[in-house]
1. Over the heavy atoms of Thr175, what accessible area does a 1.4 Å probe trace out, to the nearest 10 Å²?
2. Assign unit charges at the C-beta atoms only (+1 for Lys and Arg, -1 for Asp and Glu), then state the dipole size of the chain relative to its Cα centre in Debye, rounded to the nearest 20.
3. Quickly estimate the mean residue ellipticity at 222 nm for the chain, helices only: each DSSP H run with n ≥ 4 gives -39500 (n - 2.57), and the total goes over all residues, rounded to 500.
4. Measuring with a 1.4 Å probe in the full set of protein chains, what accessible area per residue, in whole Å², belongs to the chain?
5. What is the spin-label model distance, in nm, from Glu323 to Glu276 if the labels are put 7 Å beyond Cα along the C-beta direction?
6. Just in the range 127-217: which chymotrypsin sites (Phe, Trp or Tyr not before Pro) are loop by DSSP and have at most 12 other Cβ atoms within 10 Å?
7. Reachable aspartates and glutamates from Lys271, Cα under 13 Å, same-chain residues fewer than 8 places away excluded?
8. Could you look at the range 272-335 and say what percent of its accessible area is carbon and sulfur, using a 1.4 Å probe and all protein chains?
Amino acid sequence: MPPERKDEKLRSRDEKYMAMALRLAMKGLGKTSPNPMVGAVLIKGGKVIAQGFHEKAGSPHAEAVALERAGRKAEGASLFVSLEPCCHLKKRTPPCTEAVIRSGVKEVITAMADPNPSVCGKGIEALEKAGIRVRTGVLEQKARLLNEAYIKHITTGMPFVTLKAAMTLDGKIATSTGESKWITGPEARKEVHRMRSRADAILTAVGTVAADDPEFTVRDLSIVRTQKGKSADGSKKTKNPVRVVIDPELRSPLGSKVFRTPPRTIIVTRKALPPELASAGVEAMNYEGRLSLEWLLKRLGAMGMTSVMIEGGSSLNAHAFEEGIVDKAVFFYAPRIMGGLKSLPVVGGQGALKLADAWRLRDVSIKRAGDDFFVSGYIEHPRN
């Protein structure tokens, strides 16, 4: 067989099994933070002999799960894993490189190096020193997209920020009287609940809490798990995101749902927390002067939060864009036209004075959600 044909066949095989590993990794969506999502597949004699994925933080890593399931069959096998095997002790589980070396696998194929400074290349080096062949970079872009929140957090200490908003076709989020429920339909709201189930925190502000009294929980019946910990499809219990409310002067009504219903709520304020909120388990994050959203994100990142979803109003959206903290925007559009100079736009503030200064999206996707549709993309910040 010509070398180029042999290389093409090998590449095709690698991509086939790496795609399988990435699909396995996605089963941990919303459950592994602050760890990455990882999937692993063991191949021997052209057949899958074992597979595994990282289910949640503190549980065995994907490689360890697959190797344990394979047992002695792992000797001489090829291990496909969506992230470089870890080699450090700064975690609750043993280094995966040790288990891989002990197993006797002949080669390891990874999608990407782990950006964690405690690993980054060291895991691959340990495997090669043990005589195991290693190839990396297979479906790397897909692997990086899957773990975009982990990558940003581990390299910057800050969470990945997604700004979500629902609006009419002319970009309005509320009428001049403040009415905003519901602009979009049930299918769009279901998608929002799905997004919440994958986030570590929801960031909002006092205006939204006072106007809408939201819960900011995952309530869609296809997502919410029963008290027994499982949903109709048998999947394991999900987590609700932490609610982070920016309220400098503590103007949020004390009876607001975010203070009365689980899960955890943090209020970002300049004031002392009143006894009613403290006794309800609400936490305070105090600051002085003008609030920096970058400072807030760093605080949340230090708490182990890798992803934040902004669900605010016109003012918070403007501040988020102006301070350059938004990584991704998801805009839901309803087939309605509201009009009115005094109805609220999705992004307030002064806005761009020139088209060249406007925020642009890249890698844009457009999808339907019932009668509505949503546009998502990554933020390209304006030129300096």
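The values are calculated or read from the model by the stated rules, or taken from the named source; none is laboratory data. Quick caveat: nothing in here was measured; it's all calculated off a predicted structure. Don't worry about glycine lacking a Cβ; one is built from the backbone with ideal geometry, like all the others, and counts go over all protein chains shown. Just the protein is used for accessible areas: all its heavy atoms, side chains included, with ligands, DNA and RNA removed. Shrake-Rupley method; radii C 1.70, N 1.55, O 1.52, S 1.80 Å.
1. About 40 Å², ignoring ligands and nucleic acids.
2. Details: 61 positive and 42 negative charges, 251 e Å.
So the magnitude is around 1200 debye.
3. On the way: 12 runs with 111 residues, N = 384.
After summing the helix terms and dividing by residue count, I get -8000 deg cm²/dmol.
4. On the way: 19710 Å² over 384 residues.
Per residue, the chain has 51 Å² of solvent-accessible surface.
5. 2.7 nm
6. On the way: sites: Tyr150, Phe160, Trp182, Phe216; in loops: Trp182, Phe216.
Listed in order of number, the matching sites are Trp182.
7. Counting by Cα, and skipping residues close in sequence, Lys271 has these aspartates and glutamates nearby: Asp247, Glu249, Glu283, Glu288.
8. Numbers: 1370 of 2680 Å².
Percent of accessible area from carbon and sulfur atoms in the range 272-335: 51.
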